[in-house]
Structures are given as C-alpha cells and as structure tokens.
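A.B. asks: Here it is, the structure, as structure tokens.
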Amino acid sequence: MNTDVEVVGAPEDPAPWFARLEGLWSRFDEDSALCQLNRWSGRWVAVPPLLHLAVRQALAAARLTGGAFDPTILPALVAAGYGRSFELGPTEPGPAVPAGRWPEVRLGPGMVFLPEGVALDLGGIGKGLAVDLVLRWLRQGQPATSLLVNAGGDLALWVRQGDPPWLVEVADPVLPERTLATAFLRRGAVATSSTLGRRWGPDRHHIIDPTTGRPADSGLVAATVFASTAGLADTLAKACLVLGAERALPLLASQRCQGLLVTADRNLILTPGLEELVYVNAE
C-alpha cells in the first residue's frame, strides 16, 4: 500500500495478509481484482468477497458523507496527474473530471456493477479497512498481548484488560518531526489525512473534491479523526479535507467522532470535548 506498516503484539507475521489485501484492492496492479472490475464497466462482474466488502464499505462511506468521500474519483485522480504509484512521479494531467457517480454503482450477491465510464479507487478507505481487518484477524483466538496495527498513520488498537493504555502521537502535518497531539487509548482507531504529503506541484495533491474533479481547496491541510474503526476514521478524515471546517464539524458530531483539523495558516480546530481526551501541543 506504498506505506510503512507497524504491527505490535502480533502472534504471527501479518505481512501476507496485507499483501493479500493489496493484491485485491490496488489500482496500480493491473492484475488486481479491482483493476479487473474497472476494466469491465457496463456489466455485472463476480468479485472476491474481500473486494465486495471494500466496495460495500466505500459506498456506505459515500452515503454517510453526502458524497464528500467518493470511490468513483479514479478518472479525476488520473486527470489531476495521479495516474500511477506516487513514487514513480506524476502523469500528464488533463481536464478536470467531476465524480459523483457512486449512487449508480450497484451491488448484488458476490457481484458489482459499474456503469460505463465509472472506475473505482479504494485508496481513500483501503488502508483503514486493511488495518481493521488485520486487527480482527490477529484478535481471533484470544490474543495473549495487546495489539496495535499502524499503516502509515492509520491505526487501530486493542489493549488487553490489565495492560496500560497505548500512547498514540499525531505528527504535525507541516513539521512532521514535531508531535502535534498525544493521546492514551485503549480501544478504537485514529487516521490522519493531509494535502501536504502526496503533492506533485502547486495545488496538486491526492485529495480530490468530487464536485469539481480538482484537488480540494477547503482551507484545511490536515484532519485527524478518532473513531471506532480505522475505516471510518480514514474516510471521515478525507471528507473533512473536502468539506472544510464549517461542514466537517457537524459531520464528525453526527458520527460521534472526535477530530483535530489544521487550517492552511496552521490554526487548530478541535471538536468539542477533544481537549479532555487528547493533549494538543499548540505552541
């Protein structure tokens, strides 16, 4: 998933599980189940159960966020210059391609229908959902230790009764070597999204506004969300960057999630009550 993965307390090597999920969900692997699905738009396609799950979760996230999170943004990503894996550099940009066609995607038992011209990108939920699944698999059989799964800052944890809470640090999106916030958690998940990391030019980054097809410019440069699952935190963080603070705060409240938003001029916006749970370094 083009990111470092940290797993603490695992009774076995989880690398094969992450490789399995990437092989199903990656848009950069032409042999992946997702790429095969995208090539067959306009007809019903039988898909593996874990891809069906990911598409189902992505569509649910689109409904929950009113389309601010949109798995049908792949053509817009390509048009913005993100047509291949980030470390290979940008591709030639083209005219903006608005998204918003997620309500047209249909699901059947073990099958997915993409309308003509629609292609899915699961990058907005893939890391978070992978973290949730791996943590669930590791917890099977009553683990003897506390567990933490962290994929590039999208993390979920489970602390065994009697063990102390886990220290979780959130990096400053502008100065990554600086800790912006610190929390002590026993359950749940945290995810951070930023427009400052994967950039390939002025105003060119991977967070796409589905309504315009262009990189989002909402006044926010980063969003950290504390939620029950990493998949939920992941999608809400990206939706916040698209919506901007004024609309993001009600969305987080509606899901009973906490969030830390960073504006372009480095102001911090906290959801009500977050300061009671998280220490924020506002210096």
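No lab work stands behind these numbers, since they all come straight from the coordinates. This one's a predicted model, so the numbers in the text were calculated from it and none came from an experiment. Using ideal geometry, Cβ is built from the backbone for each residue, glycine included, and neighbour counts are taken over all protein chains shown.
A.B. asks: Which of the residues belonging to region 226-242 are out of contact with any Asp or Glu (no Cβ under 8 Å at 6 or more places or on another chain), of a type in the set (A, V, I, L, M, F, W, C) and over 17 Å from Gly197 (Cα atoms)?
C.D. replies: Taking region 226-242 first, the residues out of contact with any Asp or Glu (no Cβ under 8 Å at 6 or more places or on another chain) are 226-228, 232, 235-241.
Add one more test, that the residue is of a type in the set (A, V, I, L, M, F, W, C), and what stays is 226-227, 232, 236-237, 239-241.
Correct list: Phe226, Ala227, Leu232, Leu236.
A.B. asks: I would also like to ask the following. Does region 104-122 hold any residues that are touching a Ser or Thr at 6+ places or on another chain (Cβ under 9 Å) and under 25 Å from Asp209 (Cβ atoms), and which are they? So that I can check it myself, show each step before the final result.
C.D. replies: First, the residues of region 104-122 that are touching a Ser or Thr at 6+ places or on another chain (Cβ under 9 Å): 104-105, 113-122.
Answer for region 104-122, where residues must be touching a Ser or Thr at 6+ places or on another chain (Cβ under 9 Å) and under 25 Å from Asp209 (Cβ atoms): Glu104, Val105, Leu114, Pro115, Glu116, Gly117, Val118, Ala119, Leu120, Asp121, Leu122.
A.B. asks: Starting from residues that are at negative phi, in a loop (DSSP other than H, G, I, E, B) and in contact (Cβ under 8 Å) with a residue 40 or more places away in the chain, keep the ones in region 117-143 and report whichever is farthest from the chain's Cα centre (by Cα). Please lay out each step first, then the result.
C.D. replies: Quick first cut of region 117-143, residues at negative phi only: 118-140, 143.
Now narrow it down to the ones that are in a loop (DSSP other than H, G, I, E, B): 118-122, 140, 143.
Checking which are in contact (Cβ under 8 Å) with a residue 40 or more places away in the chain leaves us with 118-122, 143.
Working: Val118: 20, Ala119: 18, Leu120: 14, Asp121: 11, Leu122: 8, Pro143: 27 Å.
Across region 117-143, the extreme among qualifying residues is Pro143.
A.B. asks: Does Arg214 satisfy being under 17 Å from Ile73 (Cα atoms) and either in contact (Cβ under 8 Å) with a residue 24 or more places away in the chain or of a type in the set (Val, Ile, Thr) (or both)?
C.D. replies: Values: under 17 Å from Ile73 (Cα atoms): yes; either in contact (Cβ under 8 Å) with a residue 24 or more places away in the chain or of a type in the set (Val, Ile, Thr) (or both): yes.
Criteria met by Arg214.
A.B. asks: Listed residues Ala76, Ala96; which is among the aliphatic types (A, V, I, L, M) and surrounded by fewer than 19 Cβ atoms within 10 Å (Cβ to Cβ)?
C.D. replies: Values: Ala76 fails: surrounded by fewer than 19 Cβ atoms within 10 Å (Cβ to Cβ).
Exactly one of Ala76, Ala96 is among the aliphatic types (A, V, I, L, M) and surrounded by fewer than 19 Cβ atoms within 10 Å (Cβ to Cβ), namely Ala96.
A.B. asks: Shifting gears a bit: Are there any strands (runs of 3 or more DSSP E) wholly within region 144-205 with 3 or more residues that are surrounded by 13 or more Cβ atoms within 10 Å (Cβ to Cβ) and either on the phi > 0 side of the Ramachandran plot or free of Cβ contacts under 8 Å to residues at least 24 places away in the same chain (or both), and if so which?
C.D. replies: On the way: elements: 147-151, 154-158, 166-171, 179-185, 187-194, 199-201.
Counting at least 3 such residues, we get 166-171.
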